[in-house]
Amino acid sequence: WMDHECKVFGAMPFMYTCSNRINMLLLECGFENAFVMSGDYLRNFPGPATNESIANHDIVFYMCNDILEADPNPYAAANTFAHELAHVIQGGFGHTFDTMTEGGATWLEGALLRLPPRPMVYAWGFRDWNEINAAHFYANTKELNARKFYQIHAMFLTYLMQDELLGTAFTSALQTYATFNNDDQPWGRSAYDYFLGRMGKSEPTSFHPVQLDTNSVDYPFADALVNYHVAIAAACIKDGARRPTQAEYLLPAHVRGRPYWDCSSYPTFWSAEFGASVVNASRKMHYGGAAVYRLAMPQGATISVAPDADPEVRTKVLAAGDEHGTSAEVHELRPGESVVLGGYAREVFVVQVNVDPKGEVISEAEVDPLWRHTTVDGERAWMMAGAQEGEEYLPDVVQGLLTPVLRVPAYGTASVDFQAWWDLEAESVDGSKVRSGCYAKGYDGLQVRIHSYEDGVDASDLDAAKIQVVRPEGGYGSGPGGEAAIHAFSDGGIYGADEVCSNFEGWTGKSSGASTVAKNVSLDAFAGKQIRIEFLFVSDGGTGGKGFLLRNIHVSGANPLHELDDSMWVRAYIKAPPPGGTRGPITGVPVVTGFPKGYAPDRSLMKNAITREAPWSASWEQSPSDQLATLRREWLGWSYSAPSEDTTTAQLHPEQEACMLLKAPFTGAVQSATLFTLVDKIGITAVSLTLRSPKAPFSVLPGFATMLSESLEVEDKGTHRFDVGSASAAPLLQGTPFLICIGIGSTRELVSDVGLEPFLHLPVTEVPSAGLEGQAGATFLLCTLNSSTSGLDPWVGHSLTLRAEFVEASHFGGFSFEQAYATEARSNMQVGHRTAGSPFGWGATVSVAGLLLLGVFGSIMVRRVPRQGQNLQDAQPLQQDDPEEPSRM
């Protein structure tokens, strides 16, 4: 794997270390994880490590014993190693934004090594797939998107790696594009727009930066993001021949045949219901977020976007091909536009994405104030937003709290006095510097500055002031070696490399005690001048604490002389990004994308609260000629749902099946089923799906053939889709209970499997009825050797993450199914009784010949429902002769 990584990522970044190998350190962490620290092998950057460097000035891979003890699966450990090794490589190129860093490493551990992608159901739980889909594209918290930015960005890179799009080399270049100069670090479109602008083109022979477009919705990242979501939706089309043929609307071939997203989670409109129309459907989407809708098999559909729809939401309509030869098609609709889809019954997906061209940039006027004037412990105070609710202050913030203009007396003394309390990221004295000679004591901080105006200068012009950092009485504190600088004052772009060290000073860490402390700053140096007093707070990309609190701010000796708490105001600063083409001072890596004047990247997602939507409507033929458009359809089973931090998983072993009870919502049959798994496994080469009777001995439904889905790699696929309709002989009457069972289809032992029991790892989902006898969702484990069971609810309120699409059968064997039921029922009624052996308590029960299609009682000749274009006489008869049958529900 390392060799392959080196080939696809480019040369390993060993230019800053004397080693050509990875040193693995196993240690007790107290938590289950693994990590690398680029600060180890870049400790001497830009100089290399040497034979005189200490041991950890090298590439060290830290593997926690805790994770090995918790999971002995060697392939899981190898996968973790691959992810962390990607970070080693990334660190050798510099630094970029978190979503790209983690997305790139997650891409490597999966698709780039031709392994299955990390499933969405891995790690943190979530309640609604659609909320994750509509979340901000760069969101990375449990609250905003269940920290699924790993998987979302990894799949976006997986999509882009197709040769017809960016290709593997360009996609690798995109995710490893980074700088060692903090001011130049890429973020979002400042990386995406340049590389995506090369889509379908050859490698450039010369460098030309691009300018970020903040006016049009037709920029490179928007195009790719919309098409990516179309490709995700296209994977929901079961028949590959009915998907689009253009690569821009497809996932790579090795993952194209299995849906990555839960297709059943998309809001679905069934062609046989909803009065043959959809009116103004919409969903609020954050920047980069999407909404996808499914129209199930309508004929002659007309899709339109409302004239007043938000123009910064792009909409594309994906229509699958039909079984009569109509090809798949994709149409983009702007507000007020519509499209009529010809052909016969076909799957249709409406895909919408918020591509607001200003969605990931921010100006000073758009920055939300970090400071809030509020009541704390009965007194008015200025405090960080969210602090009273226990939230941490925001990262990447540069905001000042300013007084109105004051006149300092020409004679006498004057000072500003206030009460302060702070809880910031801990002090850190590690030998680092903000510039030559200025050693740092921490990362985030607050300092006091004076804006002074010469006589005759308009004091309302904020940019006309001379700004000076002032020290409070007793100073801001320092480290044991006199370290006093704070990184954020340098990283935030407030001060340049030629500033004096005192300009980087400020308070950081924590103040002493739980109460405020009195502070005083002399204003004597500004005698006779007009001034503003500013309390400037700056944070970097990491935070840790509730922030800063100020109260009882007053000035003595100034004119006017009064308490200032109620008259202060907040000014947000944005750090102007460097112009496109700027080259880093150390490595010469250029800034590939320039920003318009007055804009900077919204690194703190300050605009996350802004959502957009574009209502759309649809109608279709109410008397279609294609019978497929008239059939009722319904989802059975449960989609994934789990709390964020209390997820449950289960292992399934050979000779076990996990069975869930379902009921036919109308007369019909299961057409398809999709099972979601986790990718770690041992020794499993196929997963099975079987439809069974809900009574002991849980016989396979007559005419149904157990289906297998291959799992041939060292990791499982994560998604198994079964075309159940091709293996099922007969429909079920409305209300008929049946079991859908998942098992191990086949096994194979690999060299590294020795001593480990084969298993399939399941992300089970909350199902309240898992332990309720006779209710849909009732779940148990079946031993296939002797038909014994675990009893109901082995996973305590959880069941399979499995969705099955049930489709109506309109006629059967040349006569109506209902008519057959009515004819046979009169001569086949029997009195039944309960018997032991079933977790549902069902034994021999009332028999009705119409239910013989379950294959659990009696004998009757029936015919398979003919497929479109098949003659009735070609359907083969089915002999059913199981002597037992459940009661009719």
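The values are calculated or read from the model by the stated rules, or taken from the named source; none is laboratory data. Here the structure is a predicted model, which is why all the values come from computation and not from measurement. FYI the Cβ positions are ideal-geometry reconstructions off the backbone, even for glycines, and counts take in every protein chain you see. We work out accessible area using only protein heavy atoms, side chains counted, and drop any ligands, DNA or RNA first. Shrake-Rupley method; radii C 1.70, N 1.55, O 1.52, S 1.80 Å.
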A careful count of residues in segment 377-413 that are assigned to a loop (DSSP other than H, G, I, E, B) and over 17 Å from E425 (Cα atoms) gives 11
Heads up, the strands (runs of 3 or more DSSP E) in segment 435-537 (entirely inside) with at least 3 residues that are without any contact (Cβ under 8 Å) to a residue 60 or more places away in the chain and open to solvent by 20 Å² or more (accessible area, probe 1.4 Å) are 466-470
For residues in segment 664-677 being assigned to a loop (DSSP other than H, G, I, E, B) and open to solvent by less than 10 Å² (accessible area, probe 1.4 Å), which is farthest from Y122 (Cα to Cα)?
-> F666
Can you tell me which residue within segment 199-219, out of those that are open to solvent by 50 Å² or more (accessible area, probe 1.4 Å) and under 30 Å from Y293 (Cα atoms), is modelled with the lowest pLDDT?
-> G200
Quick check: is even one residue across segment 369-376 at pLDDT below 90, of a type outside the set (S, T, N, Q) and over 20 Å from G509 (Cα atoms)?
-> yes
Boolean, A420 is closer than 27 Å to K466 by Cβ, aliphatic (A, V, I, L, M) and modelled with pLDDT of 90 or more | yes
How many of the residues making up segment 326-364 are over 28 Å from the mean Cα position of the chain (by Cα) and under 23 Å from F548 (Cβ atoms)?
-> 1
Out of the residues in segment 646-660 that are open to solvent by 30 Å² or more (accessible area, probe 1.4 Å) and farther than 20 Å from V700 by Cα, which is modelled with the lowest pLDDT?
-> D646
Kindly check whether there is at least one residue in segment 278-285 that is touching a helix residue (DSSP H, G or I) at 6+ places or on another chain (Cβ under 9 Å) and within 18 Å of F156 (Cβ to Cβ).
-> yes
For L781, are the conditions met, namely being over 21 Å from L732 (Cβ atoms), modelled with pLDDT of 95 or more and part of a strand (DSSP E or B)?
-> yes
Quick one: T779 ticks every box in (1) in contact with a Phe, Trp or Tyr (Cβ under 8 Å, 6 or more places away or on another chain); (2) open to solvent by 40 Å² or more (accessible area, probe 1.4 Å) except a single one, so which number is it?
-> (2)
Show the residue pairs that are 6+ apart or on different chains and have beta-carbon atoms under 9 Å apart, the first residue being within segment 790-802 and open to solvent by less than 20 Å² (accessible area, probe 1.4 Å) and in a strand (DSSP E or B), the second being among the charged types (D, E, K, R) and at pLDDT 95 or above.
-> S799/E766; S799/D793
Would you check which residues across segment 757-770 are open to solvent by 30 Å² or more (accessible area, probe 1.4 Å), in a loop (DSSP other than H, G, I, E, B) and in contact with a Gly (Cβ under 7 Å, 6 or more places away or on another chain) and list them?
-> P758, P768
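Let me confirm something: among V340, V397, which residue is among the β-branched types (V, I, T) and open to solvent by 50 Å² or more (accessible area, probe 1.4 Å)?
V340
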Checked pairs for segment 634-657, first more than 18 Å from K148 (Cβ to Cβ), second crowded, with 17+ Cβ neighbours inside 10 Å and acidic (D, E), C-beta under 7 Å and 6 or more apart or across chains, list as W635/E805
Conditions (1) part of a loop (DSSP other than H, G, I, E, B); (2) surrounded by 19 or more Cβ atoms within 10 Å (Cβ to Cβ); number of the one not met by P643 | (2)
Identify all residues within segment 566-620 that are open to solvent by 30 Å² or more (accessible area, probe 1.4 Å), in a strand (DSSP E or B) and aliphatic (A, V, I, L, M); write none if there are none.
-> V570
Mind listing just one residue for me: the one in segment 170-198 that is in a loop (DSSP other than H, G, I, E, B) and over 17 Å from G92 (Cα atoms) and, of those, most open to solvent (accessible area, probe 1.4 Å)?
-> R198
Do the conditions hold for G545, that is, is it more than 30 Å from G594 (Cα to Cα), in contact with an Asp or Glu (Cβ under 9 Å, 6 or more places away or on another chain) and assigned to a loop (DSSP other than H, G, I, E, B)?
-> yes
Within segment 377-389, the residues that are out of contact with any Asp or Glu (no Cβ under 9 Å at 6 or more places or on another chain), at pLDDT 85 or above and open to solvent by 30 Å² or more (accessible area, probe 1.4 Å) are D377, G378, E379
Can you find a residue in segment 161-169 that is assigned to a helix (DSSP H, G or I) and under 22 Å from V292 (Cβ atoms)?
-> no
For segment 355-374, the count of residues that are outside any strand (DSSP E or B), touching a residue at least 60 places away in the same chain (Cβ under 8 Å) and surrounded by fewer than 21 Cβ atoms within 10 Å (Cβ to Cβ) equals 7
Count, please, the residues in segment 116-153 that happen to be of a type in the set (S, T, N, Q) and either assigned to a loop (DSSP other than H, G, I, E, B) or open to solvent by 10 Å² or more (accessible area, probe 1.4 Å) (or both).
-> 4
In segment 59-105, what residues are in contact with a helix residue (DSSP H, G or I) (Cβ under 6 Å, 6 or more places away or on another chain), open to solvent by 20 Å² or more (accessible area, probe 1.4 Å) and farther than 14 Å from Q175 by Cβ?
-> P74, N79
Do you know which residues across segment 654-678 are in contact with an Asp or Glu (Cβ under 6 Å, 6 or more places away or on another chain) and within 22 Å of C741 (Cβ to Cβ)?
-> P665, G668, Q671, S672, T677
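The rows are residues; the columns are (1) within 13 Å of T176 (Cβ to Cβ); (2) under 13 Å from the mean Cα position of the chain (by Cα); (3) not hydrophobic (A, V, I, L, M, F, W, C).
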position	(1), (2), (3)
G92	yes, no, yes
T106	no, yes, yes
Y122	no, yes, yes
A135	no, yes, no
Just one listed residue, out of E323, E329, E312, is open to solvent by 10 Å² or more (accessible area, probe 1.4 Å), touching a residue at least 40 places away in the same chain (Cβ under 8 Å), over 21 Å from H229 (Cα atoms) and among the acidic types (D, E), and it is E323
Which of the residues spanning segment 711-751 are among the charged types (D, E, K, R), assigned to a loop (DSSP other than H, G, I, E, B) and out of contact with any helix residue (DSSP H, G or I) (no Cβ under 8 Å at 6 or more places or on another chain)?
-> E713, D716, K717, D723, R748, E749
